[in-house]
Amino acid sequence: MRLPKGSETDQEEAEMRRRTTEPDHGDARAAAVRTYGPGTLIFADLDIGERFHFASSPCASVCVKIRRRRYSLAGRVCYAQPGQAVVRLTVSETDSAISA
């Protein structure tokens, strides 16, 4: 049986849907590609364990995504915004950055 609109149950269901839906990062992706070029993606697109650097500072240290909004930089845990522009590093780029 469906309760009348505006009841507590409907409000709870709507609140739960708001909390569980993933935000759309389409605008952030488009802005990253437009600003930094076609090899750029956003932090939310990286898989856990992937190495990257931020697109705004290409000479920066190598970072590793460790959780949904967290990355590791020189042994410290740092927080990132899901829409931040990043560049995924290949294995050869990672090796050269670590040895330098």
Task: Members of region 13-38 found to be at pLDDT 70 or above and out of contact with any strand residue (DSSP E or B) (no Cβ under 6 Å at 6 or more places or on another chain), listed by number - done: 23, 24, 26, 27, 30, 31, 34, 35, 37, 38
Open item on the list: Under 6 Å between Cβ atoms, which residue pairs at least 6 apart in sequence (or on different chains) link something in region 62-76 that is farther than 10 Å from residue 51 by Cβ and without any contact (Cβ under 8 Å) to a residue 40 or more places away in the chain with a partner that is surrounded by 14 or more Cβ atoms within 10 Å (Cβ to Cβ) and not aliphatic (A, V, I, L, M)?
Closed with: 66/72; 73/63
TODO: Kindly check whether there is at least one residue in region 85-93 that is assigned to a helix (DSSP H, G or I) and at pLDDT below 65.
DONE: yes
Open item on the list: Condition first: in a strand (DSSP E or B) and among the basic types (Lys, Arg). Now tell me which residues in region 44-84 satisfy that.
Closed with: 51, 65, 67, 70, 76
Task: Scan of region 21-43 for residues that are free of Cβ contacts under 8 Å to residues at least 40 places away in the same chain and either in a loop (DSSP other than H, G, I, E, B) or in contact with a Phe, Trp or Tyr (Cβ under 7 Å, 6 or more places away or on another chain) (or both), ordered by number - done: 21, 22, 24, 37, 38
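The values are calculated or read from the model by the stated rules, or taken from the named source; none is laboratory data. These numbers come from a predicted model, not from an experiment. Don't worry about glycine lacking a Cβ; one is built from the backbone with ideal geometry, like all the others, and counts go over all protein chains shown.
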